[in-house]
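Reviewing the structure listed below.
The values are calculated or read from the model by the stated rules, or taken from the named source; none is laboratory data. Nothing here was measured: the structure is a model prediction, and the numbers come from that model. Here the Cβ positions follow ideal geometry from the backbone for every residue, glycine too, while neighbour counts run over all protein chains shown. The accessibility values were calculated without ligands, DNA or RNA, using every heavy atom of the protein model including side chains. Shrake-Rupley method; radii C 1.70, N 1.55, O 1.52, S 1.80 Å.
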There are 2 protein chains.
Amino acid sequence: MADAQSPPPAEGAPGPSKNELKRLEKAKKAAEKEAEKAAKKKEAEAQKAAAEVDYAAQFYGPTVLHQSQTRNNQKRVQISELSGLDGESVIFRARLQTSRAQGSKMVFLNLRQRTDSVQALVSVAPDKVSKQMVKWCAGISDESIVLVHGLVTKSPEPIKSASVQDVEVHVSQIFLISGVDGRLPFSLEDASRPDTEETAVEGDAEGRQFSRVLLDTRLNNRVVDLRTPTNQAVFKLQAGVGRLFREFLDSKGFTEIHSPKLQGAATESGASVFKVTYFKGNAFLAQSPQLAKQMAIAADFERVYEVGPVFRAEDSNTHRHMTEFMGLDLEMTIEEHYHEVMELLDDLFLTLFRGLREQYKKEIAVVGEQFPAEEFTWLEKEQGGTLKLTFREAVDLLVADGVSRDVLDDINTENEKRLGRIVKAKYHTDYFIIDKFPMELRPFYTMPDPVDPTLSNSYDFFMRGEEILSGAQRIHDPILLMEKMRSKGIEPDSMKSYVDAFRMGCAPHGGGGIGLERVLMFFLKLNNIRRASLFPRDPKRLDP
Amino acid sequence: MADAQSPPPAEGAPGPSKNELKRLEKAKKAAEKEAEKAAKKKEAEAQKAAAEVDYAAQFYGPTVLHQSQTRNNQKRVQISELSGLDGESVIFRARLQTSRAQGSKMVFLNLRQRTDSVQALVSVAPDKVSKQMVKWCAGISDESIVLVHGLVTKSPEPIKSASVQDVEVHVSQIFLISGVDGRLPFSLEDASRPDTEETAVEGDAEGRQFSRVLLDTRLNNRVVDLRTPTNQAVFKLQAGVGRLFREFLDSKGFTEIHSPKLQGAATESGASVFKVTYFKGNAFLAQSPQLAKQMAIAADFERVYEVGPVFRAEDSNTHRHMTEFMGLDLEMTIEEHYHEVMELLDDLFLTLFRGLREQYKKEIAVVGEQFPAEEFTWLEKEQGGTLKLTFREAVDLLVADGVSRDVLDDINTENEKRLGRIVKAKYHTDYFIIDKFPMELRPFYTMPDPVDPTLSNSYDFFMRGEEILSGAQRIHDPILLMEKMRSKGIEPDSMKSYVDAFRMGCAPHGGGGIGLERVLMFFLKLNNIRRASLFPRDPKRLDP
């Protein structure tokens, strides 16, 4: 440390008269006394100041609001890269998950980026890190965003509290980019605990008490909830499902389309459609791209898919219903048989399952820590391929298991799940297809079976005993279509453009619709569809 | 040709008595006369039958409704493959665009699949193609769907009326899969003519009269209109824009998100929002994913994009406005400067332009035949890169061109286009960026310039002199955000979840929103945005 220099001594003036000398001497003494006093005071002040001077003042603190004032092109790193940067000085932006002070000279920070975290250490060091700096760091609110400069250093032992376990960061500078204004609704640690049962307060195996965060609390504060490693991983996987869906279909000659969500008439089923005020009239929100994608087939698109929102005005408050969800829809022409479509869809799902397992190992593992689940299983081609049952065979399995045949005109949700368990026990798969549904269970545009008109050329796909896809060959003949519409109480004129499309010639075709969030929910066993939606919508939730 | 063989001569019987001979002779003559008579009758009947029997009866005709009755796994080919199949027997499904009979023994068919077409010939041949078959073929309605069996045969001269010019198909069997019930609204040939001016009736260079098809007529009968090679190509290109957008962003570490279109409150601007009846209350349709994507940033997603519909209740009936269109939106954190976002967006557009030009040559050429346009130009890096003007520089260019500075507080559509022409003449590019818009022209969430508070950290991107992207650095500080909201007359409490997201700590960030249909329209110079939308929606159109 550099000592403060004392001022150079003052030079004396030439001698004066005796009387004056006396007077001067007196005055001098008084002045000396005064000076001494002043010097003492000054010294005390200097000592006090020296103790207060913060040699690290420019190495920490809040920053002015980031308005793109400057651009230095400093390299910034990711926490996930740190293991390979041992011994290097790095700069990175991160969220402060928690801080833990050890006395007044040291503070540990847990810094987070998405699913990655690292331990950082701010420790007093002469000229570098001051006590004031340590104190300030210990006071930063959890979940603040900070800019950290530091040295990556091998950790003597694995750091269990972070995802990067072999290195830690010795902080040299730290600045606050964005703080937290108010109380957090819950801590990220509480929100990240394994979700075996959702009760308000629980103890862990060692008897410690901690808070569980209820789903509603999470959804009310979704922005904070989405920061958990689990949610970061869930939405990486959601994007993955969409990407794998499109890549597979692109490779099979499909064209992506975007059909309008605003419709002139209530389509498919009037009961569950949302009404929109449209200038001086009304419009309705599409319940699916069904009509549009069939019209695209009549317009010679041959093979189309769409990834888009679908809207259902159903007042269902269940674990698997939302009023708005993402539909993964496809439609394609048929050459000889609708099983061409069913087989392509099966191929699509196997490609999807394999793709998720191979390309998203890390994310699946992260989700599994919070939502422990038996790994999702399916039958590969060398295992005989996907199990395909007819509706009749599915009913027979349920009857053999003790369900009364009388209640099996349709298979309700409860029996669907039961069938899932029967199939899992007997065939060792979480994924199967039911083909040839009774005609009366399907929408008017479904093609009847050529031999038994009470059956139809339609199928559902299941994951963990719940439906995730519904599809069929469609009626491409306008006369039969109108007949079926009338038999379901729909006036063909109310869907004139749709019926007209088939009057202008249309190839035989079929397709299916997949619920994106359902696929994700059942693959990961999230137990509630809202967990698979960024900002879920149900009859009681429109915000955030 | 093999001649018909005459029957072998009959052998005579040994001789009987004289009287008997006489009687027998008489009886013989009578029998011969009878036999002759019967033979003549038989012959006449045979001749008549021969004329009526259709030896090709099972080679043509309507089929029963396709209900997936059988599955033979017959290989079917694409018209685009036919050039390479000279001499082979093929089967394919196609649309009959037109037929032209030559006398009673031959008919030419123009068969189409999407942007591909081929000439087929049905010509009388003994035991193979009958006159009846030719007659039936000549009577099939245009735009019917047929299944054709035939022999691919080299054509003696290039067939100008088809996209496959070197071979034709000699038809051996042809079946009607789906006919046309009623009159076509317009012929595909009329709908495919070069679109230089849209008038009802026009003549071509050789003085022939033909019908032009008006845009409204097309949109009213969109399913037939979409079958033109131009539209088939336009929507291949539309899918291409989406694919290139996602591929680029996936490669840059972005995550695709899906944000809800149903909102609890009228966001951004209350005036142009659609109201939805939501059970016992109301909801509103999202005018953009702006709030959701910023909230995803506050939730640590770091870099997100969304491809989804956006809704604008603006009563604008212009060539470039729709009430529903596809938004290509992105948002990302900023490290040092918002130009990081602007430069990534620029990189995205160059990748998109290059990708379209390289991967969609055929489609661009097909569209160019109907919509002739100067090829879209941009400045590659070796040409100095994209032109970036500040708003002030853009105004100066307009002033130098004679526009009064008084009217240039904002640049209206007319002056935008004028600027596009000035820039094209001076810099030889159809694509440029304007940066640093005045604060008062931008939405409340725009970050002000750090030096001049009347300016903002915001930009627009232009193609052929019209805006296709708007973006900016956003305000991530809740205090400044609320101040700006109030200054625009918005009560922060009305968007509480959004404001709260920034209270919980949020990284500096920026982004932009692109109109998919606009990009397509300006790249291809389609002149009206409705042509770039599958089933466009405007204040007057909700159907089909």
- The correct ranking of A:GLU440, B:GLU189 by accessible area at 1.4 Å, largest first, is A:GLU440, B:GLU189
- Message: Please compute the average number of Cβ atoms from other chains found within 10 Å of each residue's Cβ in peptide A:176-189.
- Response: 3
- Distances in nm between the label point of B:LYS275 (7 Å along Cα→Cβ) and its equivalents in the other copies, shortest first, are 1.3
- Over chain B, the sum of -39500 (n - 2.57) across DSSP H runs of at least four, divided by residue number and rounded to 500 deg cm²/dmol, gives at 222 nm -10000 deg cm²/dmol
- Message: How many Å² of accessible surface get buried when A and B come together, counting both sides, probe radius 1.4 Å, rounded to the nearest 100?
- Response: 9400 Å²
- In whole angstrom, the spacing between the Cα centers of segment A:388-453 and segment B:378-393 equals 62 Å
- Task: At most 12 other Cβ atoms within 10 Å and a DSSP loop assignment: could you name the trypsin sites (Lys or Arg not before Pro) in segment B:240-343 that fit?
- Result: B:LYS280
- Message: Given a 1.4 angstrom probe, I'd like the percentage of the accessible area of the protein assembly as shown that is carbon and sulfur, rounded to a whole number.
- Response: 51 percent
- Peptides A:147-153, B:63-69 ordered by average Cβ neighbours within 10 Å, highest first: A:147-153, B:63-69
- Over all viewing directions the Cα convex hull of segment A:383-501 casts an average projected area in nm² of 8.6 nm²
- Inter-part distance where segment A:341-373 and segment B:71-89 are each reduced to a Cα centre, Å: 36 Å
- Tell me, what is the per residue accessible area of segment A:267-324 in Å², probe radius 1.4 Å? 30 Å²
- With point charges of +1 on the Cβ of Lys and Arg and -1 on the Cβ of Asp and Glu, referenced to the Cα centre of the protein assembly as shown, which listed residue (A:MET106, B:LEU226, B:SER251) lies farthest in the positive direction of the dipole? B:LEU226
- Longest exposed-site-free window of chain B, the sites being chymotrypsin sites (Phe, Trp or Tyr not before Pro) in a DSSP loop that have at most 16 other C-beta atoms within 10 Å: B:280-544
- Note on the structure: The correct ranking of B:ASP116, A:ASP409 by accessible area at 1.4 Å, largest first, is A:ASP409, B:ASP116
- Message: So the label point sits 7 Å from Cα along the Cα-to-Cβ vector; using that for A:GLU52, what distances do you get to the other copies, in nanometres, sorted shortest first?
- Response: 12.3
- Within straight cross-link reach of B:LYS362, meaning Cα distance under 12 Å, which aspartates and glutamates are found once same-chain residues fewer than 8 apart are removed? B:ASP116
- Note on the structure: Each residue of A:235-247 has, on average, a number of other protein chain C-beta atoms within 10 Å of its C-beta equal to 3
- Task: Please work out the average accessible area per residue across segment B:87-160, using the 1.4 Å probe convention, and give it in Å².
- Result: 43 Å²
- Using only atoms on other chains, find how many Cβ atoms lie within 10 Å of each Cβ of peptide A:222-231 and report the average. 5
- Task: Quick one: order A:THR115, B:THR230 from most to least accessible surface, probe 1.4 Å.
- Result: A:THR115, B:THR230
- Put the label 7 Å from Cα along Cα→Cβ for A:GLU247; what are its distances to the other copies, in nanometres, shortest first? 1.3
- Label B:GLU369 and B:TYR55 with points 7 Å out from Cα along Cα→Cβ: what is the distance between them in nm? 3.9 nm
- Query: Per Stokes-Einstein, at 25 °C and 0.890 mPa s, what whole-number D in µm² s⁻¹ belongs to chain B, with the Kirkwood radius over Cα pairs as the hydrodynamic radius?
  - Reply: 85 µm²/s
- segment B:52-89: which residues show an accessible-area loss of 30 Å² or more, assembly versus chain alone, 1.4 Å probe? B:LEU65, B:HIS66, B:GLN67, B:SER68, B:ARG71, B:ARG76
- Task: Please calculate the 1.4 Å probe accessible area of A:SER123, with all protein chains present, and give it to the nearest 10 Å².
- Result: 40 Å²
